[in-house]
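Asker: Here's a structure for you.
Derivation of every value follows stated rules applied to the coordinates shown; laboratory data play no part. As the structure is a computational prediction, the values presented were derived from the model and not from experiment. Note: ideal-geometry Cβ built from the backbone for every residue, glycine included; neighbour counts use all protein chains shown.
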Amino acid sequence: MLFFRLSAFYFFYFAAVGIYVIFLPKVLNDLGYTELQIGVIFALAPLMKFVTPFLFLKHITLNQNVFKTALFGSVVCSFLLYLTINNFYLLMLNNAILGACLSMILPYLEVISVKDLGKDKYGKSRLFGSIGFMLVTLILARVLHEPIIAIHFYVVVNILTVSFALSLLRYDTAHEKNQSNDKNSFSFMKHWTFWLSLFFMQISFGGFYNFFTIYETSHGIDLKTVSYLWTFGVLCEIAMLYYQAPFLKRNLVGIIKFCLLITSFRWLLLYLFPDSLFMTYISQGIHAFSFALFHSSVLMYLYSLYDNKKLAQQFMFGVAYGLGGFLGSLIAGYLYGENLFLYCSIFAFFAFLSIAKRK
């Protein structure tokens, strides 16, 4: 039952992420928002992911009451999209609050997932998130005839996410008691090289997430084929999540180093062979290591590294996907050109160098 509930949570949570990331920017563009306004609105969520965990160092404990507040807050913000969608400043505020709520939800349940499913079953549950992301992309692309439809989808999917998240609270009672008084046990400096590697890794992804489609189409690959490339990457991610358990039983730091190196090689392939469909498919196949195996290895390693496991997960999403993702987007926009993925490769290699001496 736990496996089913976690899998359902991942499915709907990342389906909501798919709607938010892929379709809401288009909705705002259709409503007349400028590129700068869209950029500001969607930069707030990763910034809130970075800022929010600092509140939990001294002032707040991520317990069940706070988690429930974040869940219901995300639902309220979803409904408020109907009222704020046409007002830049109200939408900006609503998106910031939504980002703060989301920064608590996934880290909280990832701890339960790692603790209770372990290395053998975690990936097989988490892969449903990738399936949800892919399916909502395929479905909504066919029915998005007017902006309001995307909001309808987001509200419904978010409610389903919250429903399954609430059903998982019964599995966290003992674990919560063990972590209620360990806020002061968290330290960046003790493992600063590891945190720096996470930061550089996500900066390297800025060019991929924001400009891969533009980059490939500018080199003669048609949009339909690019959509197949995205799908192929997700399928490779799903396959790795399913079969990754034997890898996770090895030295996790060694696995992380390998993922960083092969990611640097992945971006280098895109730089060297931008118009080669064969090499681009190979690059997308490496997504199995760049995202799936890397993400799982980092989660498992963090779980063993810190006593305050929920706070560690919050900072992982905040430092990497929050600040790293935010700066990665800005840097990629500034550096965009023929050498974009060369720079991405260098950033990924910096991530490897940061952790190279760690055992």
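Asker: Does segment 1-63 come out rounded, prolate or oblate by the C-alpha gyration tensor, with a ≥ b ≥ c the root eigenvalues, rounded set by a/c under 1.5 and, if not, prolate when a/b is larger than b/c and oblate if not? Kindly include the intermediate steps, with their values, before the conclusion.
Answerer: On the way: a/c = 4.87, a/b = 1.28, b/c = 3.80.
Verdict is oblate for segment 1-63.
Asker: Another question, then. Of the peptides 41-53, 206-218, how do they stack up when ordered by the mean number of other Cβ atoms within 10 Å, highest first?
Answerer: Answer by packing, highest mean first, reads 41-53, 206-218.
Asker: Can you work out the PRE-style zone for Val75? Point 7 Å along Cα to Cβ, and I want the residues of segment 1-41 with backbone N under 19 Å.
Answerer: Within reach of a label on Val75, which here means backbone N under 19 Å from a point 7 Å along Cα→Cβ, segment 1-41 contributes 5-6, 8-17.
Asker: Is segment 22-167 best put as rounded, prolate or oblate by its Cα gyration tensor, with a ≥ b ≥ c the root eigenvalues, rounded for a/c under 1.5, and otherwise prolate when a/b is larger than b/c, oblate when not?
Answerer: Oblate.
Asker: Label Asn87 and Val51 with points 7 Å out from Cα along Cα→Cβ: what is the distance between them in nm?
Answerer: It is 2.0 nm.
Asker: Report the net charge of residues surrounding Trp192, where surrounding means a beta-carbon distance below 15 angstrom and charges are Lys +1, Arg +1, Asp -1, Glu -1.
Answerer: Taking every other residue near Trp192 into account, the sum is +3.
Asker: Please compute the modelled spin-label separation between Lys190 and Ser304, points set 7 Å along Cα→Cβ, answer in nm with one decimal.
Answerer: Distance between label points: 1.6 nm.
Asker: Could you list the residues of segment 190-219 with an amide nitrogen less than 14 Å from a label point located 7 Å from the Cα of Val40 in the Cα-to-C-beta direction?
Answerer: Nothing falls inside the zone, counting backbone N under 14 Å.
Asker: For the pair Phe278/Leu2, report the inter-label distance in nm, with labels modelled 7 Å from Cα in the Cβ direction.
Answerer: Result: 4.8 nm between the two label points.
Asker: Right, something else. Tell me which of Leu127, Phe11, Tyr301 sits at the most positive position along the dipole axis of the chain, charges placed on C-beta atoms (Lys, Arg +1; Asp, Glu -1).
Answerer: Tyr301
Asker: Same structure, new question: If you rank Thr225, Thr34, Thr161, Thr137 by fewest surrounding Cβ atoms within 10 Å, what's the result?
Answerer: In order of increasing Cβ crowding within 10 Å: Thr34, Thr225, Thr137, Thr161.
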